[in-house]
1. Could you give me the residue pairs with C-beta distances under 7 Å whose first residue belongs to the range D:13-38 and is free of Cβ contacts under 8 Å to residues at least 60 places away in the same chain, whose second residue is charged (D, E, K, R) and part of a helix (DSSP H, G or I) wherever it lies, and which are 6+ apart or on separate chains?
2. Has the range A:69-80 got any residue that is without any contact (Cβ under 8 Å) to a residue 12 or more places away in the chain and either assigned to a helix (DSSP H, G or I) or away from chain E (no Cβ under 14 Å) (or both)?
3. Any residue that is under 30 Å from the mean Cα position of the chain (by Cα), assigned to a loop (DSSP other than H, G, I, E, B) and buried (at least 17 other Cβ atoms within 10 Å of the Cβ) - is there at least one of those in the range E:138-152?
4. Residue under question is B:ALA393, and the condition is that it be within 19 Å of the chain's Cα centre (by Cα), surrounded by 23 or more Cβ atoms within 10 Å (Cβ to Cβ), of a type outside the set (D, E, K, R) and under 13 Å from B:PHE341 (Cβ atoms); does it hold?
5. Taking the residues in the range B:189-209 that are modelled with pLDDT of 80 or more and surrounded by fewer than 17 Cβ atoms within 10 Å (Cβ to Cβ) as candidates, determine which candidate is nearest to B:GLU77 (Cα to Cα).
6. Output the residues belonging to the range C:4-45 that are in contact (Cβ under 8 Å) with a residue 24 or more places away in the chain and among the polar types (S, T, N, Q).
7. Could you list all residues from the range A:1-31 that are touching a Pro at 6+ places or on another chain (Cβ under 9 Å) and either assigned to a helix (DSSP H, G or I) or more than 10 Å from chain E (Cβ to nearest Cβ) (or both)?
8. Sort out which residues of the range E:274-328 are surrounded by fewer than 18 Cβ atoms within 10 Å (Cβ to Cβ) and facing another protein chain (nearest Cβ under 9 Å), and write them in order of number.
Amino acid sequence: MTLTAQLPALQVVLPMLTAPLVAFLRLPQLSWLATTVASATAFGIAVLLTQAVLGTGTLDYAMGGWPAPYGIALAIDEFGALLLLIVTGASTIALLAGKASLDQQIESARQPLFYAGWLLALAGLSGIVMTGDAFNIFVFMEISSLAAYMLVAGGPDRRALTAVFKYLIMGTVGATFYLIGIGLVYMMTGTLNLADMEARIAEVADLKPILVAAGFITIGLALKAAVFPLHAWLPNAYTFAPHAVTVFLAACSTKVSLYVLLRFDFFVFQGNLERHDVQFAGFLLPLALLAILVGSLAAVFERNLKRLLAYSSIAQIGYILLGASCVSLLGLTAGIVHMFNHALAKGALFLAVACIGVRLSRLWVDDLAGLARQMPWTLAAFVAGGLSLIGIPGTAGFISKWYLISAALEQGLTGVLTIVVIVVSSLLAVVYIWRIVEVAYFGSRDAQSPPVSEAPLSLLLPTWFIVIANVYFGLVPALPVDLASAAARSLLGHLL
Amino acid sequence: MTGNWQILAAVLLPLLGAIGIAATGTRPNLRETVTLATAGALTLIVWSLLPAVLAGGRPTAELFRPLADLPIAFEVEPLGMLFAALASLLWIVNSVYSIGYMRGNQEKHQTRFYVCFAIALSAAMGIAFAGNLLTLFLFYEVLTLSTYPLVAHKGDAATVRQARVYIGILLATSIGLLLPAILWIYNATGTLQFTSGGILAGHIDGPALGLLLFLCVFGVGKAAVMPVHRWLPAAMVAPTPVSALLHAVAVVKAGVFTITKLIIYVFGIDYLFAEPSAGWLIYAAAFTVLAASIVALRQTNLKRLLAYSTIGQLSYVVLAAAILKPLAEVGAAVHIVAHAFGKITLFFAAGAIYTACKKTEIDQLRGIGRRMPWTMAAFTIGALSMVGVPPTAGFVSKWFILAGAFQSDNFVAIFTIILSTALNAAYFLPIVFRAWFREENVAPPSNHGEAPWPAVLALTITAFLTLAFFVGNQPVLDLELQLVRPQP
Amino acid sequence: MSLFLDLGSWVLFGIGSLLLFIGALGVLRLPTLFTRMHAASLTESLGTIAVLTGIMLQAGLTLATMKLLAILLFLLLTSPTSSYALANAALLARNRDQTREQADRK
Amino acid sequence: MQLLGLYNYWVFVVLLMIGFYAVIAKSNLIKKLIGLSIFQAAVFLLYISMDKVEGGTAPIIQAGVPDQIYSNPLPQVLILTAIVVGISTMALGLAIVVRIKEAYGTIEEHEAAAMDSEA
Amino acid sequence: MTILLAVFLLTMLVITAVAIVRTRDLFAAVMLLGIFSLLMAANFFVLDAADVALTEAAVGAGISTVLFLGALALTAARERESGDSRWLPLVVVVIMAATVVYATFDKPALGDPNAPVHQHVAPWYLSETPRLIDIPNVVTAVLGSYRGYDTLGEVFVVFTAGIAVLFLLGSGRPGELFSRPPDELSTGGLKHHLIPRVVGKLLIPFIILFGLYVQFHGEYGPGGGFQAGAIIAAGVILYALLEGETRALAALPESALKVMVIGGALLYTLVGVVCMLMGGNFLDYSVLSTNSVAGQQLGIILIEAGVGLAVTGVLLSIFHAFAARATA
């Protein structure tokens, strides 16, 4: 039993095994330590898996030893490996950095349960990304969602509760739509394994249940991924969740749902529904453009710092969808690379917000007046993250902007509209990032508010690690770009 | 990290210097010596490249490889060499001057000032030596961002508002227009490498070429061609060494240098000349020159007057480049140098006057000649260079531009140059005349003499350079004539 | 022998369904809560016994009969208790309302 | 048998819509959760009505009977899991409703929103 | 004949659903929801889904009603009208209905044997199970072994719900699980109701026994970990209602609940890990003993035990969390 052969199973089993152990521990410090170690090992495994996938292509692992269509098979390809890196990386960094801010926001007696929930969210998300079985995706989606509701409900503010209730209702409705979608597809093909389903869907492709199933799956996952018209839950959920949770969720939770959406729409339906790409692009391109514009505009006029970044997340999800809806190799690569780059940029920004959150109680933009003098390193990290979000060359954001615009250029005339939208929203990003820079660097701290000291080193070091990662992947983006283009090639396997 | 070490050193040395300055922030004297040492070392390294380039060599180097076929790579060619040499030389002079100015006015945040200065210079070096359009765009943005703290140095509400205009226009034009243009070129031609004779031949033609040129020229906001010039007067709120840096040494020169480089190495002179849709550039440049000069006439604040004069002078270079004749291209390059020397002298003078007696308005300058003879002498030489009177550098560059214009019988260019020379004279000479031959109408706050000695020393050096260039411009000419003669 | 068993079960089914019908009719027709409950409890006890014994006769001596016997015992225990609990709760609620009405009236 | 097939799916559609309406239109949080459970129950009906085979019995293989037709076990397994997922979400939702009641004093969504907008 | 029964049950379902949505009294709505689950269970039975019917009855009717009542006790029992417009939801709902009906046009008719569902994966399960796992109840075989990974995920969904409710309604004081310590809880129960207490005390042992029967009879007839967990939990909750939570916590104290919750989840995962250590893939029970069929059966029994433990522990913890929450 070579260890590397068992790695896919270990990736999910490890956090699952530690969660019950951590749940009822007496010492909160110990629970944090155990969770961070588990998350770091999971990241290690993810790195090993990525190397294996880059080496030998898709990794298959039959759960329970049963062959594919009968048992549940795990299938990790480049796309899954990239998502694994994002999920485990985001969790590890959020845990390493978040200790100080979590100690403030969650009472110590509840922390063991909180960290158990964190591990379950990690297990659920990495489970979705690896599995090759449609219903299994639903089960792990429920695990990660329930754990996410719990983490968000941990927020100190009472409005976290109403926010999480709306998140629960919309999340469950989304998951049930997805369930109806799989049910209809299962009714027509008789199988739940994605690869098997894609093979058998050919002869029933033009029947009505398949079309409606595709619609249900797309709407359900769009709800889970907060795509534009269905994003109502995201701003409040990210605003009132504890800061460390926002770092973790913002970096990876919506992207996993987008991963499932792309896998279903391109892997299962693309080859078989003949005008699927027209329908997919025709349906999602306008939504993506609207998401980008509305998200950026809302962010410009927003006063609460975290909700501002949440609206900008909605715009960035629009970018990913924009890339995907170009239905071309370059477009998909752009969308997938932006998943990685956005995780980096938004991770840095929310980590900086966590640093500020440790010192200030209320996070409104005008509360930051003159903060740069007292917290220079934190604000510098925030500006660096902002620059990456805008897409200044030399940062990770620029690489995805570069691929997105060149993908749009390939589209000919509609491409020009896309470029205009991308450019306008980048400028809006400049506006809302610079508004904060001006307030922080040139505002004056009013007298009676107490002097604020720099954020603790335990929070600053991971933040700056992510900022440097942002610049590094801006200058040498070989890893994410190779993974993304290989993933795009496998997703578009049929069209090429 | 491969290739010619001098180039990499030139780009990375100022960054090391910046770190050094930040580290020695608490001890001003040590910090100043680090700045000067870095500036000196940079000039040595850059000028050591000169003999190789003069001999026709094209040293190259590579830093990173972000996109598969698009490295962050450098290639030194005559135009870049000239700009780098100019920038590094004037940085020394500017550092000396800013020591005097900052000490004289007891400005706060001096460490941040010098750090951003060093980063801006590193970006300028990057732009000068850029081997492809991506590298150029990268350092172009770094330059914008590193100069923002310099412009917003004072930190009060008015400065912040003007700085917002500055960063807004520059970022909007670069992301809004230049980035799509770069991607369009990359998408159409498959490469962004600067190759003499241009890379667009056969890929983009007809009206599309005119549109691409429009995107490029107005995308490079730093060249301040008319509609996108608003940021330059807005940047006047910065302390004078910064304005000097913006106008003579780094930012504006980078803009104009980029446009010239695009025209020569991306579009190609003859390809553009043959294309009727690219004809509008000459009219845009001409309009900018005239309009700026006319607006400069009505200015009362000295620094805003210099700002508008710069917009005009810059469009000279664009005009020269737009004539699309080899001689005119040489004239453009030479004008970059001439204007640099002239304008930095004028700004140093303005700064000295402000440091000495806090005067900023033109009509306050009556009879100041007697109080500050050295400063006003330099100011006169600078003014004459702007107008283009023989002993100064300005004359040399205008001579070449006119020669280029006559070569292609471009009457629009000829008429513009002549009319603008007259306008320049109209707004510069009265100031000089009043300064020397009129009595003081405003009682000076204190019986002040000259500005602090480092400031005066710096402006005399640049004044001397303006005159010396008239005589010793042969090496620059040989360097630039390589543009015209095909590669050996 | 089997004819006799079938006949017996048919008779029991007849009685059972008749009782269930009467009970349902009672629940519909009778005015107050307590009278309705009386009719409902009628169906629960006697009707169920008749129907279940009828099925047991059909099934004969097999495992199913034992299960049916267990269900019968369970129902016999729980249905009267639930009726009692319902009636008791209704009684308490009614007293509470009356005392409140008297308090209002005073 | 044909009528029952269509009837089954029509009831599925009607229940789906009743549940979905309750989730959207009702402002009482507990009523929303009840609507959600009806919504999910409808989906269970869809899956289970897939597994019926004419003349088949529950998929429990008695050794004795040779050629017995059995219904399809797979949808049943899926729905077993889905029921427990539904109940877990319900439990979490109710816990949140209790906390909202303690924090806001009401479990009506519009009243809670009003209290938030003032704050 | 069964068509009539099926149509009747389905119509009753719709009527109950409409009644639930329209009624303003939440207590009545919860009771109707209990009836709705029971009707759904009957429906499942008519459609040959015995296991699912048992689960729906035990979990849907039993536990969810208890949870709803627990929540209602802590919040308001009547719904207040929100007053905002009804039209938008109605329109959205009608559009949704149209799309779903559109999907039901050329789907296979109910019960027709050559529908794609019955062609591909299902016949393999039915034919291979006697040879590979040799247990009569194919549903438990699929649940436990073929799709054991799903069920593992399932146990962890229940586990997440458990710790989430404890996190939200828990005590926040170190060492204590529930918000009020055991001695402060209600000791009354239905003290002065003699009849329910006597009958209850008589029935509870049989309920627990039946729960254990369902747990270990899972391979042969309808039953399994989830159903058993729910039934046993229902039994203990009945005891708590009759005798008061303090006695119930005396019978199954917090530490016992913790052990059951952690034990169940860990048992399931560790069985999988042991299979890995013994050379098979994760959750491949055939390596558990020399003969693969015996290994499968051993594996299924163990994981069902794990599921039963976890579900009982979680459901009881959730009930106590609600019960111990001080009524505001």
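1. D:ALA22/D:LYS31; D:ALA22/D:LYS32; D:VAL23/D:LYS32; D:LYS26/D:LYS32
2. So in the range A:69-80, the residues without any contact (Cβ under 8 Å) to a residue 12 or more places away in the chain come out as A:70-71.
Adding the requirement that they be either assigned to a helix (DSSP H, G or I) or away from chain E (no Cβ under 14 Å) (or both) leaves none.
Within the range A:69-80, none of the residues are without any contact (Cβ under 8 Å) to a residue 12 or more places away in the chain and either assigned to a helix (DSSP H, G or I) or away from chain E (no Cβ under 14 Å) (or both).
3. yes
4. yes
5. Among those residues, the one meeting the criterion is B:THR195.
6. Hits for the range C:4-45 are C:SER9, C:SER17, C:SER41, C:THR43, C:SER45.
7. So in the range A:1-31, the residues touching a Pro at 6+ places or on another chain (Cβ under 9 Å) come out as A:22-28, A:30-31.
Correct list: A:VAL22, A:ALA23, A:LEU25, A:PRO28, A:LEU30, A:SER31.
8. E:LEU277, E:MET278, E:GLY279, E:ALA328, listed by residue number.
The values are calculated or read from the model by the stated rules, or taken from the named source; none is laboratory data. All of these numbers come straight from a predicted model, not from anything done at the bench. Glycine also receives a Cβ, built like all others from the backbone with ideal geometry; neighbour counts cover every protein chain displayed.
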